[in-house]
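Okay, so here's the structure we're looking at.
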Amino acid sequence: MRKHPVISGMAILFVMAILFYVFFYKAGSSAGKVTTFTSGNKIGVVSVDGLINDSIKIAEQLDEFGRDSSITAVILRVDSPGGGVAASQEIYDAVVELKKKKKVVASMGSIAASGGLLVACAADQIVANPGTITGSISAIMQFANFEELLKKIGLKSAVVKSGKYKDIGSPLRDMTPEERKIIQELVDDIYDQFVDVIMKDRKLSRKKVLEIADGRVFSGRKAKEYGLVDHLGDMGYAAKLAVELSGKTGKYDLIYPRKKRTSVFDYLLESAANQLSDSLNEKMETMSGVSYLYYPFR
C-alpha cells in the first residue's frame, strides 16, 4: 500500500517533537543532579553564584537539605563578589539555621568577597583556594549626579516633598553636608554589622578585624593568615572535610538541589525570564541601595 506523504510528514514531525521535548526536559532536570541511590555519604551542595540580589531560592535549597535525613552535610559553594545587604544577611541567617541540623562547610571559588565572605562566615568551616579573591569587608552606597548634564541641555527639575530629607541622594542635585553625614552614618552602621559578624564567627578581636576591614581584597592564602578562612583546598577537600565534621568516614557523593521538571516551552521561557530578571536586577543595584560588594566586579 502506498504511504500518504502528508501522514508520513506528520509522523516525522511528531517524532521530532518528542525528541525535542525529551532533550530539553533532560537539560532542565539534569542541571540539578540528584543521586538517590548511593553507597557513600551524601553531601548537599548549594551554590551562591554571581551578584547576590535575592535570597529566596538559596534559602529554600538550604532548608530542603536541612529536612532531608539522607544528607550527611552541606557545602556552601561561594563564587560571588557580594551584593545586596539584606539578601546577603538572609542567606547568612539561613545557613545559621541549617547548622542546627547539619554540618556546613563553605567552599570559596574564584571570588568570595564582601557579601560572599559574609555568607561563608556562617559555615562551620571555610575552605578557600590559595588564589581565591576574598576580603572586601566594607559597605558601599553610590549615587549618580546629573545636575551639570541637565544644565547643559536646558532642563530643570521641580520637587515637591513632605520631609526635609525625602529626596536625599537625588541625582538632580548635590547632597548637602548634613545629608552626606546621614548617609555616612547609615553606611557605617551597616559596615559595623559586617564587622560584628567577622568578629563573632571568625573569633577575632575588633582591633584585628578593623586592621583589614577597609575594603581591601586579598588571596585565599593571605586570608588564612588573617584568620578569615580555616583551610586551603578545593571543592573535593571541602567535601572530605564535611564528611569528617559529620563524624562519618568513607566515600561521598555530591548532591545538587532538585530542579522542578518543566515542559520545553516552560524551560525556554523560564531561561529567558531569568536572564532578563538578572540583568534588570544588576542594573537596579547599580543605581541605588547599599551593598556588601567588591566594586570592580560591578
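The values are calculated or read from the model by the stated rules, or taken from the named source; none is laboratory data. What you see is a predicted model, and the numbers here were worked out from it, not measured in a lab. Positions of Cβ are backbone-derived with ideal geometry, glycine not excepted, and every protein chain shown enters the neighbour counts.
Brief remarks on what is shown
- Verdict on Lys161 being farther than 30 Å from Asp230 by Cα, at pLDDT 90 or above and touching an Asp or Glu at 6+ places or on another chain (Cβ under 9 Å): yes
- Residues that are more than 16 Å from Ile212 (Cα to Cα), out of contact with any Gly (no Cβ under 6 Å at 6 or more places or on another chain) and surrounded by 24 or more Cβ atoms within 10 Å (Cβ to Cβ), drawn from segment 112-143: Val119, Ala120, Ala123, Ile126
- Filter result (more than 24 Å from Ser110 (Cβ to Cβ), out of contact with any Lys or Arg (no Cβ under 8 Å at 6 or more places or on another chain) and of a type in the set (A, V, I, L, M)) within segment 231-258: Val243
- Tabulated pairs, segment 137-163, first closer than 26 Å to Glu185 by Cα and in contact (Cβ under 8 Å) with a residue 24 or more places away in the chain, second in a loop (DSSP other than H, G, I, E, B) and of a type outside the set (A, V, I, L, M, F, W, C), C-beta under 6 angstrom, 6+ apart or interchain: Ser138/Gly215; Phe143/Gly169; Ala144/Pro171; Asn145/Pro171; Phe146/Pro171; Glu147/Arg173
- Conditions (1) part of a helix (DSSP H, G or I); (2) out of contact with any helix residue (DSSP H, G or I) (no Cβ under 6 Å at 6 or more places or on another chain); (3) closer than 24 Å to Ala87 by Cα; number of the one not met by Met199: (2)
- Residue that is nearest to the chain's Cα centre (by Cα), among those in segment 32-49 that are modelled with pLDDT of 95 or more and more than 20 Å from Val96 (Cβ to Cβ): Asp49
- Of the residues Tyr21, Tyr92, Tyr25, the single one that is among the hydroxyl-bearing types (Ser, Thr, Tyr), outside any loop (DSSP other than H, G, I, E, B), at pLDDT 70 or above and surrounded by 12 or more Cβ atoms within 10 Å (Cβ to Cβ) is Tyr92.
- Looking across segment 207-221 at every residue that is without any contact (Cβ under 8 Å) to a residue 40 or more places away in the chain and surrounded by 14 or more Cβ atoms within 10 Å (Cβ to Cβ), the one that is nearest to the chain's Cα centre (by Cα) is identified as Leu210.
- Counted as qualifying within segment 206-298 are the strands (runs of 3 or more DSSP E) with 2 or more residues that are at pLDDT 95 or above and more than 30 Å from Asp196 (Cα to Cα), namely 252-255.
- Taken over segment 135-194, the criterion of being hydroxyl-bearing (Ser, Thr, Tyr) and not in a helix (DSSP H, G or I) is satisfied by Ser136, Ser138, Ser157, Ser162, Tyr165, Ser170, Thr176.
- Residues of segment 114-134 classified as in a strand (DSSP E or B) and more than 11 Å from Leu228 (Cβ to Cβ), total: 3
- Conditions (1) in contact with a strand residue (DSSP E or B) (Cβ under 6 Å, 6 or more places away or on another chain); (2) without any contact (Cβ under 8 Å) to a residue 24 or more places away in the chain: number failed by Ala123: (2)
- Total residues in segment 164-200, condition without any contact (Cβ under 8 Å) to a residue 40 or more places away in the chain and β-branched (Val, Ile, Thr): 3
- The set of residues from segment 159-195 being loosely packed, with under 15 Cβ neighbours inside 10 Å, of a type in the set (Asp, Glu) and under 16 Å from Val290 (Cβ atoms) comprises Glu185, Asp188, Asp189, Asp192.
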